[in-house]
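Everything on this sheet refers to the single structure shown next.
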Amino acid sequence: MVWNDDPISTITITWDQDESVNNPAIYYGETDHGRNYRKYEFEQSEARIRNNYDMNTHFARLKDLKANTAYYFVIKDEQGVSERYWFKTAPDTPQPFTFVTGGDTKSSGGPLEAGRNSNRVAAKLRPLFVIYNGDFTSGDGTNPGRWETWLRDWHEQTTTDDGRMIPIVPIHGNHEDGDMANLTYIFDAPYQYNDSTNVYYSLKFGGNFFYMVMLNTQIDEGGAQREWLKNDLEQHQNYAFKMAGYHKPFFPHTSGKGENQYQYDQWAYLFYQYGLDLSVDGDSHMHKITYPLKPDSTENSFMGFIRDDKNGTLFVGEGSWGARPRPNDDNKPWTLISGSVNQIKWVHVVPGSNEEKAHFKIFTVLTADYDENNNLISYNQDIDALTEDNLFDLPQNIELHSTGSTQQFVRYPF
């Protein structure tokens, strides 16, 4: 289930179809008819087929959907009917919602199991969508067996007990560099300038409420990408909440990763100029949240940033959905919180009202760690799953990374 166009009115359903079986189609509608495909109001065949990595991947694009609405569906071909699943479209007016973000998984051993832990926790939190910040598998993203494992795990572990599928918003990471068009093969990800190696794009919903831009650190962050980013930010500068996602952080919080000064030079001032609230990244395999930051070239700054609680951008990351955590040994003066754990970020987005200003809350949800004998420790596997009626509640007994204060989350604006 992928968001790659307008989340209010469209969605893309992807599946691996047996090539010897003909006539697959999606049957869907607002009423749950279980697996009785004949009763569903709408039918949609695939819009595109790709044959990459030993898969026969079909993409069905559902359009003209209603905002903030549950749709139920099955896939039928000449041999049978799938299980019944459902999804929810994004709202077209400002409404509270949650999303999950994180990235970096591996294809074997403890890191594979840690990633599976994160998948299951994400399903229990029932977010509106997941932003996945790159590095889906080990290697360079061209191994068919590793993609098969990741896709099967994602489907089985992030689908909720009542069959709700959570849309993914994919971002290209360095472990997809074996083919720079990998995300178009797997997720039908958007790209720019008619070049499928330029995988970067933006999505928006909620009226003028929520805008997110997905960038690509594995190609030139300047040049055409910077120009596109500037134009896109300018077009959406009046949105109440603006965020960016990409793979490599500007300045990682572990010494084993190099600084990305060129990337900072291309993007940081644009983020501040157009009022970006939140930036999410991956790659370093650890947890960090900074203070709100403003780029600054004076001697008062550290690595080009100073703290700006009113107008700055909050930088959040840095991966470790499943990949083994790296040492947390390179904090900055503007680091708010950091740690060396497997974790995902659970973000609550709240529109403004007469009672309070628009804000978001970031919870860092622990999913795994290792003991002194290198054994995997699993977290939050037994928490109660949320329902559609309590999406903003904290599940009982949930284990969160400490914020260093009495609050269990970081709220911005402070």
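Checking Asn68 against (1) in the same structural domain as Gly322 (by TED's automatic domain parsing); (2) touching a strand residue (DSSP E or B) at 6+ places or on another chain (Cβ under 9 Å); (3) polar (S, T, N, Q), only one condition comes out false. Which one?
Exception for Asn68: condition (1).
Given (1) within 27 Å of Thr159 (Cα to Cα); (2) over 21 Å from the mean Cα position of the chain (by Cα); (3) surrounded by 12 or more Cβ atoms within 10 Å (Cβ to Cβ), identify the lone condition not met by Gln396.
Looking at each condition in turn, Gln396 falls short on (3).
Here are some conditions: (1) at positive phi; (2) free of Cβ contacts under 8 Å to residues at least 40 places away in the same chain. Gly163 meets all but one. Which one does it not meet?
(2)
Quick one: is Phe99 under 25 Å from Asn133 (Cβ atoms) and assigned to a strand (DSSP E or B)?
Numbers: under 25 Å from Asn133 (Cβ atoms): yes; assigned to a strand (DSSP E or B): yes.
Answer is yes for this residue.
Every residue in region 324-359 that is outside any loop (DSSP other than H, G, I, E, B) and hydroxyl-bearing (Ser, Thr, Tyr), please. Can you show your working first?
So in region 324-359, the residues outside any loop (DSSP other than H, G, I, E, B) come out as 335-339, 342-350, 359.
Correct list: Thr335, Ser338.
Being farther than 17 Å from Glu221 by Cα and part of a helix (DSSP H, G or I) is the filter here; which residues of region 170-196 pass it?
Hits for region 170-196 are His175, Asn182, Leu183, Thr184, Tyr185, Ile186, Phe187.
How many residues does region 28-60 contain that are free of Cβ contacts under 8 Å to residues at least 60 places away in the same chain and outside any loop (DSSP other than H, G, I, E, B)? Break it down into steps so the answer makes sense when it comes.
Narrowing region 28-60 to residues free of Cβ contacts under 8 Å to residues at least 60 places away in the same chain: 28-47, 49, 51, 56, 58, 60.
Filter once more, so that each one left must be outside any loop (DSSP other than H, G, I, E, B): 28-29, 37-39, 42-44, 49, 58, 60.
Result for region 28-60: 11.
Identify all residues within region 109-148 that are out of contact with any Ser or Thr (no Cβ under 7 Å at 6 or more places or on another chain) and of a type in the set (Gly, Ala, Ser); write none if there are none.
Gly109, Gly110, Gly134, Gly139, Gly141, Gly145, listed by residue number.
Here are some residues: Gly207, Gly256. Which one is in contact (Cβ under 8 Å) with a residue 24 or more places away in the chain, closer than 28 Å to Phe409 by Cβ and not in a strand (DSSP E or B)?
On the way: Gly256 fails: closer than 28 Å to Phe409 by Cβ.
Matching residue, one of Gly207, Gly256: Gly207.
When the residues of region 325-373 are filtered to those that are in contact with a helix residue (DSSP H, G or I) (Cβ under 8 Å, 6 or more places away or on another chain) and either surrounded by fewer than 18 Cβ atoms within 10 Å (Cβ to Cβ) or among the aliphatic types (A, V, I, L, M) (or both), which remaining residue is farthest from Phe241 (Cα to Cα)?
Among residues in region 325-373 that are in contact with a helix residue (DSSP H, G or I) (Cβ under 8 Å, 6 or more places away or on another chain) and either surrounded by fewer than 18 Cβ atoms within 10 Å (Cβ to Cβ) or among the aliphatic types (A, V, I, L, M) (or both), the one farthest from Phe241 (Cα to Cα) is Tyr370.
Under 9 Å between Cβ atoms, at least 6 apart or on separate chains: pull out the pairs that start in region 136-157 with a residue that is under 13 Å from Leu112 (Cα atoms) and at pLDDT 95 or above and end on any residue that is assigned to a helix (DSSP H, G or I) and among the acidic types (Asp, Glu).
Phe136/Glu176; Thr137/Glu176
For region 243-257, name all the residues that are over 15 Å from Thr290 (Cα atoms), modelled with pLDDT of 95 or more and surrounded by fewer than 23 Cβ atoms within 10 Å (Cβ to Cβ).
Ser255, Lys257
So if I check each of Lys288, Lys242, which one is assigned to a strand (DSSP E or B), without any contact (Cβ under 8 Å) to a residue 40 or more places away in the chain and either in contact with a helix residue (DSSP H, G or I) (Cβ under 6 Å, 6 or more places away or on another chain) or assigned by TED's automatic domain parsing to the domain that holds Gly134 (or both)?
Step by step, each of Lys288, Lys242 is checked, and only Lys242 is assigned to a strand (DSSP E or B), without any contact (Cβ under 8 Å) to a residue 40 or more places away in the chain and either in contact with a helix residue (DSSP H, G or I) (Cβ under 6 Å, 6 or more places away or on another chain) or assigned by TED's automatic domain parsing to the domain that holds Gly134 (or both).
With the checklist (1) free of Cβ contacts under 8 Å to residues at least 60 places away in the same chain; (2) within 15 Å of the chain's Cα centre (by Cα) in hand, flag the one item Pro170 doesn't pass.
Result: Pro170 passes all but (1).
Which of the following residues is assigned by TED's automatic domain parsing to the domain that holds Val349 and not charged (D, E, K, R): Thr57, Thr31, Thr101? Can you show your working first?
Values: Thr57 fails: assigned by TED's automatic domain parsing to the domain that holds Val349; Thr31 fails: assigned by TED's automatic domain parsing to the domain that holds Val349.
Being assigned by TED's automatic domain parsing to the domain that holds Val349 and not charged (D, E, K, R) holds for just one of Thr57, Thr31, Thr101, which is Thr101.
Given the criterion buried (at least 23 other Cβ atoms within 10 Å of the Cβ) and assigned by TED's automatic domain parsing to the domain that holds Val347, identify the matching residue among Tyr191, Tyr185, Tyr200. Show your work before the answer.
Values: Tyr191 fails: buried (at least 23 other Cβ atoms within 10 Å of the Cβ); Tyr185 fails: buried (at least 23 other Cβ atoms within 10 Å of the Cβ).
So the residue among Tyr191, Tyr185, Tyr200 that is buried (at least 23 other Cβ atoms within 10 Å of the Cβ) and assigned by TED's automatic domain parsing to the domain that holds Val347 is Tyr200.
Residue check, Val81 against (1) under 30 Å from Glu356 (Cα atoms); (2) of a type outside the set (Asp, Glu); (3) surrounded by fewer than 20 Cβ atoms within 10 Å (Cβ to Cβ), all met but one. Which one?
Here Val81 clears every test but (1).
Quick one: in region 220-242, of everything that is buried (at least 20 other Cβ atoms within 10 Å of the Cβ) and aromatic (Phe, Trp, Tyr), which residue is farthest from the chain's Cα centre (by Cα)?
By that ranking, first place goes to Tyr239.
The values are calculated or read from the model by the stated rules, or taken from the named source; none is laboratory data. Note that the structure is a prediction, hence the values are computed from the model and not measured. Cβ coordinates were reconstructed from backbone atoms using ideal geometry, including for glycine residues, and neighbour counts include every protein chain displayed.
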